[in-house]
1. Scan segment 217-224 and tell me whether some residue there is within 22 Å of V15 (Cβ to Cβ), aliphatic (A, V, I, L, M) and either out of contact with any Leu (no Cβ under 6 Å at 6 or more places or on another chain) or open to solvent by 90 Å² or more (accessible area, probe 1.4 Å) (or both).
2. Scanning for something over 20 Å from F14 (Cα atoms), modelled with pLDDT of 85 or more, open to solvent by less than 40 Å² (accessible area, probe 1.4 Å) and touching a strand residue (DSSP E or B) at 6+ places or on another chain (Cβ under 7 Å), does segment 194-209 turn up at least one residue?
3. Find the strands (runs of 3 or more DSSP E) located wholly in segment 1-85 whose residues include 2 or more that are touching a strand residue (DSSP E or B) at 6+ places or on another chain (Cβ under 9 Å) and either at pLDDT below 80 or open to solvent by 80 Å² or more (accessible area, probe 1.4 Å) (or both), and list them.
4. Only residues that are crowded, with 17+ Cβ neighbours inside 10 Å and under 26 Å from K18 (Cα atoms): list them for segment 225-236, please.
5. Here is a list: I127, I229. Which entry is closer than 18 Å to V100 by Cβ and modelled with pLDDT under 95?
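The values are calculated or read from the model by the stated rules, or taken from the named source; none is laboratory data. Note that the structure is predicted; figures quoted are calculated from it, not measured. Backbone-built Cβ (ideal geometry, glycine too); neighbour counts: all protein chains shown. Side chains are part of the model used for accessible areas, which takes the heavy atoms of the whole protein and leaves out ligands, DNA and RNA. Shrake-Rupley method; radii C 1.70, N 1.55, O 1.52, S 1.80 Å.
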Amino acid sequence: NMGHLSYVVALIKFVREKEHALTFLNGDLFCKPWVAFKETEEKQREDKLELVASKLETQIYVKGLNRLYSFGIEDGDNRFTPVFCMYHVSSRNSTSPIKVKLKSKELKDFGDYGVVVKNIGEFIDRINSCLPGFSYGLIEYINFDNLPEKDQFAFRKPILKKDLKTFAHQKEFRIYNAHYAITNSTSLDDPTKEIILPNELGASFFSIGSLEDIAEIYPMDELFAGIEINAENPIAKKN
C-alpha cells in the first residue's frame, strides 16, 4: 500500500526581520554550522536523549530499547557543517492554486516574516547548479522513545532525523554540505573538509542567485490567515 501521494508545493524561510527576508530573496543562504542548531535544540529537547557530549564519541541511551548507541558525528568535524533550514508545505494536490495556511502556533517563534518559494523544482535546480556538493532533504521525524529496529541507523545519520514529539511541527527542509566546515579551528580531523571562517554572526553566506522570480515575502500574520499561491513544479513526497 503506497498510501496517498502528497507533494511538497512550497518552501518557506521564516525570518525575524524584513532585511533578512530581502537577503534571502536576493539568493543569499545564511548558513550556520550544525552545532548552532544542535545546541538550541538540546535545550528544547530536555532529557529525551542523554547526551554525553564531553566525549569525542557521543553516546545516546534509548530508554525504550534499554541500549546505548554511539556515533562520532556530534563531536566530530560534521558539527561544523553549514546548514540552512526551511519549512515545507505539503498538499495532496499538485495543481494550483494552493492555499497555504500555517496552523502550529509554535512557528510564530521563528520570526515575523516568511519568504515563500513557489517553484520548488526551479529552486532545487538553482541549488544544484550554483552550489554543487550541497545536499538537501526533508527531515524525517522519528519517535526516539520507541524506536523500531529499522530506525536505529538514525543515530548514524542524524543530520536528517529529528525527534517526532518535539519537532514534528517544524516540517523541515534542510540544505547542507558536509564538505565545508564553518569554524575558527585551523585544523580538523578530516583533512578533506574545507574550512570557512565564520562571519561576525557565526555563519557563512552561500549564493544561489536572485529568487525574486520564484519567491515572495509575506508577514507571518498573513501566512496564518491563509494565502493562495500558484505552486509550480511541486515535488512528490515519499510517504
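1. Looking for residues that are within 22 Å of V15 (Cβ to Cβ), aliphatic (A, V, I, L, M) and either out of contact with any Leu (no Cβ under 6 Å at 6 or more places or on another chain) or open to solvent by 90 Å² or more (accessible area, probe 1.4 Å) (or both), one finds at least one in segment 217-224, hence yes.
2. Yes.
3. Once the strands (runs of 3 or more DSSP E) in segment 1-85 are filtered for at least 2 residues that are touching a strand residue (DSSP E or B) at 6+ places or on another chain (Cβ under 9 Å) and either at pLDDT below 80 or open to solvent by 80 Å² or more (accessible area, probe 1.4 Å) (or both), what remains is 58-62, 67-71.
4. If the condition is that a residue be crowded, with 17+ Cβ neighbours inside 10 Å and under 26 Å from K18 (Cα atoms), then I227, I229, A231 are the ones that fit.
5. I229
Matching residues to (1) β-branched (V, I, T); (2) more than 24 Å from Y7 (Cβ to Cβ); (3) modelled with pLDDT of 90 or more:
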position	(1), (2), (3)
T95	yes, no, no
S104	no, no, no
Y141	no, no, no
D145	no, yes, no
F155	no, yes, no
L160	no, no, no
D163	no, yes, no
